[in-house]
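See below for the structure under consideration.
The values are calculated or read from the model by the stated rules, or taken from the named source; none is laboratory data. Bear in mind that the values here come from a model prediction, so they are computed numbers and not experimental data. Cβ sites come from the backbone with ideal geometry, for glycine too, and all protein chains shown count toward neighbours. Ligands, DNA and RNA are excluded from the accessible area calculation, which covers all protein heavy atoms including side chains. Shrake-Rupley method; radii C 1.70, N 1.55, O 1.52, S 1.80 Å.
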Amino acid sequence: MVLPGATLFPHALLPLFIFEPRYRQMLADALAADRMFCVGMVRPGADEAEGDDSFYPVAGLGLIRACVTNPDGTLHLVLQGLRRVAIVGLAQQEPYRVARLSEVITRRGDLAENLDLAKRVAALCLRVAAHSPEATQMRERLEEVDDPEILADIVAHTFVQDDAERQRLMEEPVVTQRLRLLLDLLG
């Protein structure tokens, strides 16, 4: 599924409203099989129906965690991000795209540097969140996360609003670089 402004980061939850017939069929097929599908972002100014160049090649693979069918046949679902994937080709176009995928391998970088950067990112987030009614919940969530990679994905999903920057974070294979970029964006 390719959507404007949609980024499915690993470790994040993405609520979706499914109304198009092709995506209703895709969802039915996914629910009958492994409960997984990908979400990719349409390039700015492109029509997702234009072809393979209309969307970014790095997407998020997700697991359907909850799905509710409405009386009119539309659906509400929550997709949990599992990992980054590269779209390396299309095996099917109709009634919906079926992509050939390869996993995007994350390189962790230097652990000590990542831990330091993650601590700084979390501190910035807490400063930003301090003015929010959800600040206590955010503080607890950030304090639970001890893996810099997971922290980077959760922070990118929660705090980065610009579509291009979200996609840039999605495509970055090195955790250290993701954390540095988050510091720049949040600072």
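Details
- Selected residue (only one of 104, 128 is aliphatic (A, V, I, L, M) and open to solvent by 50 Å² or more (accessible area, probe 1.4 Å)): 128
- Some residue of region 102-115 being more than 18 Å from the chain's Cα centre (by Cα), outside any helix (DSSP H, G or I) and of a type in the set (A, V, I, L, M): no
- Any chance residue 90 is farther than 25 Å from residue 155 by Cβ, in contact with a Ser or Thr (Cβ under 6 Å, 6 or more places away or on another chain) and open to solvent by less than 60 Å² (accessible area, probe 1.4 Å): no
- Selection within region 39-73: residues that are touching a residue at least 40 places away in the same chain (Cβ under 8 Å) and surrounded by fewer than 14 Cβ atoms within 10 Å (Cβ to Cβ). The member of this set that is nearest to residue 105 (Cα to Cα) is 65.
- Screening region 164-187 for residues that are farther than 19 Å from residue 62 by Cα and among the acidic types (Asp, Glu) and picking the one that is farthest from the chain's Cα centre (by Cα) gives 184.
- Scanning region 158-187 for residues that are open to solvent by 50 Å² or more (accessible area, probe 1.4 Å) and in a helix (DSSP H, G or I) returns 158, 163, 164, 168, 171, 177, 180, 184, 185.
- Extreme residue, modelled with the highest pLDDT, among residues of region 23-65 that are farther than 18 Å from residue 78 by Cα and in a helix (DSSP H, G or I): 54
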